[in-house]
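*Asks:* Encoded as structure tokens, here's the structure I'll be asking about.
The values are calculated or read from the model by the stated rules, or taken from the named source; none is laboratory data. This structure is a prediction, so every number in the text was calculated from the model and none was measured. Glycine also receives a Cβ, built like all others from the backbone with ideal geometry; neighbour counts cover every protein chain displayed. In case anyone asks, the SASA skips ligands and DNA or RNA and just uses the protein heavy atoms, side chains included. Shrake-Rupley method; radii C 1.70, N 1.55, O 1.52, S 1.80 Å.
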Amino acid sequence: QVELVESGGGLVQAGGSLRLSCTASGSIFITKDVDWYRQAPGKQRELVATIGTSGTTDYADSVKGRFTISRDNAKNTVFLQMNNLKPEDTGVYFCNADILTRQGPGLMNGGYWGQGTQVTVSS
């Protein structure tokens, strides 16, 4: 069993900053790619940022230069530093992780989602 828990969301004024965390726990052998998604009311979930096992990163055009994704493998935690926030960044932020877990004598690959954390940016 694996659990992903996001934290760090909240209410902030435009131009402000928040730092989100996504921590994985359970029978984890290795956490591979981790993505941050967000979903605004009435809109589809969109990919915001990705970090690979080796630390390579990619961002949606809308957040480039403002958001930074990073990871602490020892703590099974991925962060999303969000600066210069805009009202259009408002939404529920979810992390999604590709994780190898220990299953008896072997390993099993699976994708996991957290429960989400609300980010609200006021104008």
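*Asks:* Can you pull out every residue in region 38-70 that is closer than 15 Å to Gly8 by Cβ and either under 10 Å from the mean Cα position of the chain (by Cα) or hydrophobic (A, V, I, L, M, F, W, C) (or both)?
*Replies:* Passing the criteria: Arg38, Val48, Ala49, Phe67, Ile69, Ser70.
*Asks:* Can you give me the number of residues within region 94-108 that are within 14 Å of the chain's Cα centre (by Cα) and either without any contact (Cβ under 8 Å) to a residue 24 or more places away in the chain or surrounded by fewer than 17 Cβ atoms within 10 Å (Cβ to Cβ) (or both)?
*Replies:* Residues flagged as within 14 Å of the chain's Cα centre (by Cα) and either without any contact (Cβ under 8 Å) to a residue 24 or more places away in the chain or surrounded by fewer than 17 Cβ atoms within 10 Å (Cβ to Cβ) (or both) within region 94-108 amount to 1.
*Asks:* If you don't mind, there's one more thing I want to ask. Of all the residues that make up region 109-123, how many are without any contact (Cβ under 8 Å) to a residue 60 or more places away in the chain and among the aromatic types (Phe, Trp, Tyr)?
*Replies:* Going through region 109-123 one residue at a time, the tally reaches 0.
*Asks:* For region 18-54, name all the residues that are over 30 Å from Gly106 (Cβ atoms), open to solvent by 60 Å² or more (accessible area, probe 1.4 Å) and of a type outside the set (Lys, Arg).
*Replies:* Gln39, Pro41, Gly42, Gln44, Glu46, Leu47
*Asks:* A follow-up question, please. Mind listing whichever residues of region 60-83 are crowded, with 18+ Cβ neighbours inside 10 Å, touching a Ser or Thr at 6+ places or on another chain (Cβ under 8 Å) and over 12 Å from Cys22 (Cβ atoms)?
*Replies:* Met82 - this is the single residue of region 60-83 that is crowded, with 18+ Cβ neighbours inside 10 Å, touching a Ser or Thr at 6+ places or on another chain (Cβ under 8 Å) and over 12 Å from Cys22 (Cβ atoms).
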